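Working notes, beginning with the structure itself.
The values are calculated or read from the model by the stated rules, or taken from the named source; none is laboratory data. Note that this is a predicted model, so its numbers are computed, not measured. Cβ atoms come from the backbone with ideal geometry, glycine included; neighbour counts cover every protein chain shown.
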């Protein structure tokens with residue numbers, strides 16, 4: 001398994017795009033600079049009225065499937 005960390009800071013208006021049917025995934029860049037494509041449904045539980053803010057940890061299996069995505073701060 002591989003672990004990636006992200007600092008996300010997006011306004012609520014930007015996060016509204018996560019709910020459009022045409023957006024099934026987003027591209028994020030980890031703190032180490034790696035480009036990661038993540039299904040939008042992994043982000044949706046963390047959107048608040050202030051948007052999407054905080055530090056997150058993504059754990060990927062050896063088959064490149066999301067094992068966990070969680071807010072850590």
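Some observations on this one:
- When the test is whether a residue is without any contact (Cβ under 8 Å) to a residue 40 or more places away in the chain, surrounded by 12 or more Cβ atoms within 10 Å (Cβ to Cβ) and farther than 15 Å from residue 73 by Cα, residue 36 passes it.
- In the set (1) modelled with pLDDT of 95 or more; (2) surrounded by 10 or more Cβ atoms within 10 Å (Cβ to Cβ); (3) more than 13 Å from residue 7 (Cα to Cα), the condition left unmet by residue 26 is number (1).
- Apart from one condition, residue 20 fits all of (1) on the phi > 0 side of the Ramachandran plot; (2) surrounded by fewer than 11 Cβ atoms within 10 Å (Cβ to Cβ); the exception is (1).
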